[in-house]
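Trainee: My structure is below; once you've seen it, I'll send some questions.
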Amino acid sequence: MTVPDVLICSGLDPSGGAGFLADARIIHLLGGRPVGVITAQTVQSTTGMRSSHEVEREVFGEQLNALLTDIEVKAVKLGLLGSQGIVEELGQQLSLTAAPLVWDPIAGPTRGDGGGGKELLGFALRELGRHLTLITPNTNELALLTGGSVSTLAEATAAARALADFAKVAVLLKGGHLGTEHSVDVLCHSGGTQEFVGPRFAGEDVHGTGCALSSAIATYLALGVPLADACRRAKDVVAERIMKPVRPGRGAPAIV
């Protein structure tokens, strides 16, 4: 069986707990071959984020073009986008591939500042919407994308449905931040709405869960798994990894 190439465009977390390095690990673990371009440089460790820095658009564009004109990627995963210039470059070049594209719309990390911000998320949705297959927001990111209240599961589901209808793209709401008894993710797509229910884990927050989920979905799509099943299987992978995280430093545990 041919190993599918999965393109990563996300920020670099030097600790490996999230971002590009975590994406690459998950893709490899699930049977894909990661290739990619870094969208932002962050200064962080397991104890938290210190700062985020833009990468040069010209270099990013040259790297992305070199990959897309050479390798037939089978899926694309987008994470932290870094700047409007990076978004514009993606908008211009993603037409070079017809692969399914999963966007984890990072507004900010769970351990500090340095995410995309409301304005950049809105700009990215407008510029990249035609290329997207799936958006995977948490409740905070969903509120920024829609401008609505998402304090309950019902509100969050309605907002996800509205975003899916507006953007004409599937939306997987990550419900981990909601105060429900179980962890409930909701997929809104042209075929309707589906819930994926899993256990809620007590204790420390594990770093990199959102990155892992979106990368796992992208990998399953690259392997030919249908969207809803890819989302379900990815949620199971994340739950399994949360139960046995790694501790590379003195701070938060990481999912890989």
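Trainee: Go through the stretch 37-62 and report how many residues are buried (at least 17 other Cβ atoms within 10 Å of the Cβ) and either of a type in the set (A, V, I, L, M) or not in a strand (DSSP E or B) (or both).
Mentor: Selection size over the stretch 37-62: 8.
Trainee: With the structure loaded, tell me whether P245 is more than 14 Å from the chain's Cα centre (by Cα), buried (at least 16 other Cβ atoms within 10 Å of the Cβ) and without any contact (Cβ under 8 Å) to a residue 40 or more places away in the chain or whether it fails that test.
Mentor: Yes, satisfied.
Trainee: Restrict the check to the stretch 12-32 and report whether at least one residue is farther than 19 Å from E141 by Cβ, at pLDDT 95 or above, assigned to a strand (DSSP E or B) and in contact with a helix residue (DSSP H, G or I) (Cβ under 8 Å, 6 or more places away or on another chain).
Mentor: yes
Trainee: Counting only residues that are farther than 26 Å from F166 by Cβ, at pLDDT 90 or above and not in a strand (DSSP E or B), how many does the stretch 180-207 have?
Mentor: Summing the residues that are farther than 26 Å from F166 by Cβ, at pLDDT 90 or above and not in a strand (DSSP E or B) in the stretch 180-207 gives 1.
Trainee: In the list R161, R111, which residue meets the criterion of being modelled with pLDDT under 95 and either within 25 Å of V184 (Cα to Cα) or under 16 Å from the mean Cα position of the chain (by Cα) (or both)?
Mentor: It is R111.
Trainee: To continue, here is another question. Determine, yes or no, whether V184 is under 16 Å from the mean Cα position of the chain (by Cα) and among the aliphatic types (A, V, I, L, M).
Mentor: On the way: under 16 Å from the mean Cα position of the chain (by Cα): no; among the aliphatic types (A, V, I, L, M): yes.
It is false that V184 is under 16 Å from the mean Cα position of the chain (by Cα) and among the aliphatic types (A, V, I, L, M).
The values are calculated or read from the model by the stated rules, or taken from the named source; none is laboratory data. Predicted, not measured: the structure shown is a model, and the values here were computed from it. Quick reminder, even Gly has a Cβ in these numbers, built from the backbone with ideal geometry, and neighbours come from all protein chains shown.
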